[in-house]
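Participant: I'd like to ask some things about the structure below.
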Amino acid sequence: MSKRKLKVSAIKEGTVIDHIPANQLFKVISILGLDKVSNQITFGTNLESSKLNHKAIIKVSGKYFEDDEINKIALIAPAAKLNIIKDYEVIEKKVVDVPDEIVGIAKCFNPKCITNNEPVTTRFTVVSKDNIALKCHYCEKITSEEHLKIT
Amino acid sequence: MKGKSLVSISDFSKEEILEIVKLAAEFEENPNQLLLDGKVVASLFFEPSTRTRLSFETAINRLGGNIIGFTDSASSSTTKGETLKDTIKMVSNYSDLIVMRHPLEGSARYAAEQSDVPVINAGDGANQHPTQTLLDLYSIYKTQGTLENLNIFLVGDLKYGRTVHSLLMAMSLFNPIFNFIAPDELRIPDEYKLFLDSKSIRYFEHSEFTDIISKADILYMTRVQRERFSDPIEYEKVKNVYVLRNSMLDNTKDNLRILHPLPRVNEIHTDVDDNPKAYYFQQAENGVYTRMAIMASILGLK
């Protein structure tokens, strides 16, 4: 790897989350709770990418994510790729997968839904994964990708 | 069904629906059974709905139960800013069962999750009103002797009418044929057609309200509301098209019955009222027996 490419320093053990849309970086950090852990974390944003206009990358030292945990970011970073690092080597690559149920994170588009009027944690069943469509557990209305907002 | 909340009609299986329908018939035959003696039922109406509330309160009274609650949110602590969760937590300490009407969609599901006692949804905004659906089913069962293989005509506002959508979902358990009659602006939404396709249930769409009703076993009329139209001219064009008149019933089947969730405006002409096929007032009465059946069943008293 040439020095020019290495904009964020390498880690010995841990996870690199790559191909995050640059404008979603801080949401990804928040959804994964990385703002509340003691692990060493480095991140870079507004990096050039062939797949995304501007991408962000997060390197979390000493942490490996469970699938359930990492899949939470699928709604906002569907192209994200994980590199699992051991002793500076990539030992596994993973993609994220939209889960069947989403708790919190997304907002119901229906202004008359209880979740938009009282402090209720949202819950959705994913009824379509290609063009994201989420059915609200409460008001039963479907929020499509174009109306999707992340809390 | 004991201890189970009733939030959405899809919470009940076919067997459970039939159990309620048969129990409603039993209560109709013998309405004064003091099964709720010593029980307290909370009747929480966060928005007024006189028809539904009186029907529930009649059912509770006939069962010998006691009622606590309020009839609109102005007389509840909601006006002081109390959350729904807090109201439900408090009331579920006092009562054996909660009947709730609320303007927000999904409020009933949330209340059922927060409550220690079962919650019956008496309407949550435009979302669900399952006791209406069950009384519709009882009315169909009572007049046709069965729920199976019926030809159901739904007329009027099929886009926004929640009673229509819930009835469609519930009747789909009983192999019906559906005929939808609605103006273009108020056609049945695609999601329901996809649902029917997935269950291989036959349906036909019409925009003209004509003698096709001669095949109907059930004619379910709904109100076409002015506020549903973006273009007032469209409303003026259709408002008198989807009106049922007595003369239209001449060539219909003997077993045909006309249902309407009420209140009606002009979509059923008053000259239909005396026709023996008109059933909407008995339908409302059936609501009391159906609600008795639902409450007795949920409290495990039957």
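A short reminder: the numbers here are calculations on the coordinates, not readings from a lab. In this text the structure is predicted, and so the values were computed from the model without any measurement. Backbone-built Cβ (ideal geometry, glycine too); neighbour counts: all protein chains shown.
Participant: What is the average number of partner chain Cβ atoms found within 10 Å of a Cβ in A:110-123?
Facilitator: Mean shielding by partner chains, rounded to a whole number: 6.
Participant: With each pseudo-label sitting 7 Å past Cα toward Cβ, what's the A:Ser61-A:Lys135 distance in nm, one decimal?
Facilitator: Between A:Ser61 and A:Lys135, the simple spin-label model gives 4.7 nm.
Participant: Of the candidates B:Phe178, B:Phe281, B:Phe12, which one comes out as most mobile in a Gaussian network treatment of chain B with C-alpha springs shorter than 10 Å?
Facilitator: Highest fluctuation among the options: B:Phe281.
Participant: Here's a follow-up. What is the diffusion coefficient of chain B in µm²/s, taking the Kirkwood radius over Cα pairs and the Stokes-Einstein relation at 10 °C with a viscosity of 1.306 mPa s?
Facilitator: 80
Participant: While we're here: If we restrict to alpha carbons, what Rg and Dmax does region B:1-98 come to, in Å?
Facilitator: Considering region B:1-98 through its Cα atoms, Rg and Dmax are 15.1, 45 Å.
Participant: Let me ask you something else. Assuming R0 = 41 Å, what is the FRET efficiency of A:Asp100 and A:His54, from their Cβ-Cβ distance, to the nearest 0.05?
Facilitator: With R0 = 41 Å, the Cβ-Cβ based efficiency is 0.85.
Participant: Binning at 20 Å from 0, report for the protein assembly as shown what percent of all alpha-carbon pair distances ends up in each bin.
Facilitator: Using 20 Å bins, I get a P(r) of 22, 44, 25, 9, 0 for the protein assembly as shown.
Participant: Let me have the 222 nm mean residue ellipticity of chain A computed from DSSP H runs of 4+ only, each contributing -39500 (n - 2.57), with the sum over all residues rounded to the nearest 500.
Facilitator: Calculated at 222 nm, the ellipticity per residue is -1500 deg cm²/dmol.
Participant: Tell me which residues come under 5 Å, amide H to amide H, from B:Arg223 once H is placed; ignore anything under 5 positions away on its chain.
Facilitator: The list, which skips near neighbours in sequence, is B:Asp157.
Participant: Once fully extended, how much extra length lies between B:Lys89 and B:Lys22, figured as 0.36 nm per residue of separation less the alpha-carbon to alpha-carbon distance?
Facilitator: 20.8 nm
Participant: Next question, about the same structure. Quote the relative contact order of region A:1-145 in percent (integer), defining contacts as alpha-carbon pairs under 8 Å separated by 6+ residues. Mind dumping the intermediate values first?
Facilitator: Working: 272 pairs, mean separation 29.9, N = 145.
So the answer I get is 21 percent.
Participant: Suppose R0 equals 30 Å. What FRET efficiency, 1/(1 + (r/R0)^6) with r the Cβ-Cβ distance, do B:Leu54 and B:Asn255 give to the nearest 0.05? Don't skip to the answer; put the middle values down first.
Facilitator: Working: r = 30 Å, r/R0 = 1.00.
According to the calculation, E is roughly 0.50.
Participant: Top mean-square fluctuation among B:Glu28, B:Glu267, B:Glu236, Gaussian network model of chain B, C-alpha springs under 10 Å?
Facilitator: Residue with maximal mean-square fluctuation among B:Glu28, B:Glu267, B:Glu236: B:Glu236.
Participant: Please compute the Kirkwood hydrodynamic radius of chain A from all pairs of different C-alpha atoms, in Å with one decimal. Don't skip to the answer; put the middle values down first.
Facilitator: Details: mean 1/r = 0.0606 Å⁻¹.
Averaging 1/r across every pair of different Cα atoms and inverting gives 16.5 Å.
Participant: About the Cα centre of region B:170-302, what is the dipole size in debye to 20, counting +1 per Lys and Arg Cβ and -1 per Asp and Glu Cβ, all else neutral?
Facilitator: My answer is approximately 540 debye.
Participant: Considering amide H positions built from the backbone, and no H for Pro or chain starts, which residues 5 or more places from B:Ser43, or on another chain, come under 5 Å of its amide H?
Facilitator: B:Ile68, B:Gly69, B:Phe70, B:Val99
Participant: Now a separate question. Would you compute, from DSSP H runs of 4+ residues alone, the mean residue ellipticity of chain B at 222 nm, taking -39500 (n - 2.57) per run and dividing by the full residue count, rounded to the nearest 500?
Facilitator: -11000 deg cm²/dmol
Participant: How far, in nm, would the chain grow between A:Lys81 and A:Thr42 when pulled straight, counting 0.36 nm per residue and subtracting the alpha carbon separation?
Facilitator: Working it through step by step, the gained length comes to 12.4 nm.
Participant: Provide the per-residue ³J(HN,Hα) series for region A:55-72, in order, calculated from phi with Karplus coefficients 6.51, -1.76, 1.60 and θ = phi - 60°, each as a whole number of Hz, with x at glycine and proline positions.
Facilitator: In residue order, the calculated couplings are 10, 10, 9, 10, 10, 10, 7, x, 9, 10, 8, 6, 4, 4, 6, 6, 5, 4 Hz.
Participant: On to the next question. Enumerate the calculated ³J(HN,Hα) couplings along region B:251-258 in order (Karplus 6.51 cos²θ - 1.76 cosθ + 1.60, θ = phi - 60°), each rounded to whole Hz, writing x wherever the residue is Gly or Pro.
Facilitator: Those phi angles translate into 9, 8, 5, 4, 7, 4, 10, 9 Hz.
Participant: For the ranges B:97-106, B:183-192, B:112-121, what's the packing order if you count other beta-carbon atoms within 10 Å of each residue, average per peptide, and put the highest first? Could you put the intermediate results ahead of the total?
Facilitator: On the way: B:97-106: 25.2, B:183-192: 15.8, B:112-121: 20.7.
Packing proxy ranking, top to bottom: B:97-106, B:112-121, B:183-192.
Participant: May I ask you to list the lysines whose Cα is less than 24 Å away from that of B:Lys199, ignoring any residue fewer than eight positions away on the same chain?
Facilitator: Cross-link targets: A:Lys129, A:Lys135, A:Lys141, B:Lys14, B:Lys159, B:Lys215.
Participant: Taking Cα pairs under 8 Å and at least six residues apart, what relative contact order does chain B come out at, in percent?
Facilitator: Value for chain B: 21 percent.
Participant: Once you place label points 7 Å from the Cα toward the Cβ at A:Ile91 and B:Glu285, how far apart are they in nm?
Facilitator: According to this spin-label approximation, the distance is 7.7 nm.
Participant: If you stretched the chain out fully between B:Gln144 and B:Ser207, how much longer would it get, using 0.36 nm times the residue separation minus the C-alpha to C-alpha distance?
Facilitator: Result for the pair: 20.0 nm of gain on full extension.
Participant: ³J(HN,Hα) across region B:57-63 via Karplus (A = 6.51, B = -1.76, C = 1.60, θ = phi - 60°), whole Hz, x for Gly/Pro?
Facilitator: 5, 5, 4, 5, 5, 5, 8
Participant: Amide H of A:Ala106: which non-local residues (sequence gap of 5 or more, or other chain) have their own amide H closer than 5 Å, using H built in the peptide plane?
Facilitator: A:Thr151
Participant: Taking chain A as a Gaussian network, where each spring joins two C-alpha atoms under 10 Å apart, which residue of A:Lys81, A:Lys93, A:Lys107 fluctuates the most?
Facilitator: Result for chain A, Cα springs under 10 Å: A:Lys93 fluctuates most.
Participant: Got a sec? How would B:Asp37, B:Asp96, B:Asp250 order by Cβ neighbour count within 10 Å, fewest to most?
Facilitator: So the ranking, lowest neighbour count to highest, is B:Asp250, B:Asp37, B:Asp96.
Participant: With a Förster radius of 51 Å, plug the Cβ-Cβ distance of A:Ile150 and B:Asp231 into 1/(1 + (r/R0)^6) and report the FRET value to the nearest 0.05.
Facilitator: 0.90
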